[in-house]
Structure formats: C-alpha cells, structure tokens
Amino acid sequence: LVSHINTKDCVLRRKVLIAVGWIGTAQEIGIFNDRMLHDEDSLCRAWSASGLWQLSCNRLHSQTILPKVKDVFRQAIAVEKDLFACGVMIESAQSLFGKKWISSIAVENKDSVKIEKARKSAVRFLSKGKIKGDVKMGETIIRMENVTKLYEMGESVVHALRGISFSIDQGEFVSIMG
C-alpha cells in the first residue's frame, strides 16, 4: 500500500494516505510529514495531517508521534495557502495536542476569519518549547507529600488525612475515593 504514495495520480494518493493513516505504523510518520510539507496537492497535504491523527487513534501512542510531528505541523500550518487544507491540518493538530482552536463547521465552510485566527493560535502553541507529549511514561507528574486534612466538628477534630504521601506517574489511571 505504501508503495502507491508516490503515484502521480493525486486521487489515488489521497486514498492511500487515508488508508495508511488507519493501518500504518511509526515507520509512516516520516512519509506523512514529508507529504504534509511537500505534496503539490492540497488535499494530500490535508490527508497527511489527518493520517497522523489517525495513527494516534488506532495504533500509536501520541507520545510516539508528538515529538516527531510538532515542528512539521507548525511549518505546514504557517504556510498552507488552501483554507480547507489548513483547517484540516489545524483540526488534526488540535486533536493530537489536546487543544481546541477551530470547529469542524468552520473548516467545512472555509471560514477564512476563523481559520486564520486558529492558524495564529496553533502556530503560537506549536512554536513553544515543551508539549504534553514531552513527559515520558513513568515520569512523575503529580506528587503529594505529608498531606493532612482536619475537620472540626463541634469540639471534636476529625483527622481525614494524616501525613499521606503519594505520586502519580504519566500513564497511570488513579481514582481517589473517600
């Protein structure tokens, strides 16, 4: 399937990019990056951005993708001339990076005011140094030490928490009850 990405037939190339997004692996990240920046067809550039998002939904953890695509999204969004393609790139980036810059309706309607506003926000965010995906799995993201909580009930004091310490690492799911 990937061998057809270099076809001159842009309609076939679009279909291949969509399919590879759903079944691809980390090896295809570079192909999508290259197509997003250099394909002469605006829909191929758009579907390349969408393909990166599809990879994160189906096969790859976003932490594998984000460091490899952040700068490419910034470059591609900054220079894209086709409003629809730019909007699709922004939608894909916002899904990958956990942001909300534009609605699908604004993209479908090719709303130039909203797309340009979203472009500025996306490029500004993507130009920053650290992103959500920069935290490595197993790295501590929340740490609480010696936490105490007292409730006064009349003349009594209830010790709800007495010197509780814990940490939550990236990728852990935690439920606190009580």
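Where a number appears in this text, it was derived from the coordinates with a stated rule and is not lab data. Source: prediction; values computed, not measured. All Cβ positions, even for glycine, are placed from backbone atoms using ideal geometry, and neighbour counts span all protein chains on display.
The charge dipole of the chain, taken about its Cα centre with unit charges on the Cβ atoms of Lys, Arg (+1), Asp and Glu (-1) only, comes to about 380 debye. Each of Val20, Met153, Ser104 was scored by the projection of its Cα onto the charge dipole of the chain, and the greatest displacement toward the positive side belongs to Ser104; charges sit on the C-beta of Lys, Arg, Asp and Glu.
Residue by residue, the range 105-111 carries 3J(HN,Hα) couplings of 5, 4, 5, 4, 7, 6, 6 Hz when phi is fed to the Karplus relation 6.51 cos²θ - 1.76 cosθ + 1.60 (θ = phi - 60°); x denotes Gly or Pro.
For Lys68 and Val157, a Förster radius of 35 Å and the Cβ-Cβ distance give a FRET efficiency of 0.05, rounded to the nearest 0.05. Straight-line reach from Lys68: taking Cα to Cα under 15 Å and skipping same-chain neighbours fewer than 8 places apart, the aspartates and glutamates in range are Glu28, Asp34, Asp134. Rounded to the nearest 10 degrees, the inclination of helix 29-38 to the longest alpha-carbon principal axis of the chain is 50 degrees. Does anyone have the angle between helix 42-58 and the longest principal axis of the chain? Alpha-carbon axes, 0 to 90°, nearest 10? With rounding to tens, the tilt is 30 degrees. As I understand it, the value is the acute angle between the Cα axis of helix 83-97 and the longest principal axis of the Cα atoms of the chain; what does it come to in degrees, rounded to 10? Tilt relative to the chain: about 30 degrees. Over 32 Å apart at the Cα level, from the set Lys8/Lys99; Lys70/Lys114; Lys100/Lys149; Lys8/Lys128; Lys128/Lys149; Lys15/Lys120, are Lys8/Lys99; Lys100/Lys149; Lys8/Lys128; Lys128/Lys149. Take each peptide in 97-109, 9-21, count the other Cβ atoms within 10 Å of every residue, and average; sorted highest first, the result is 9-21, 97-109.
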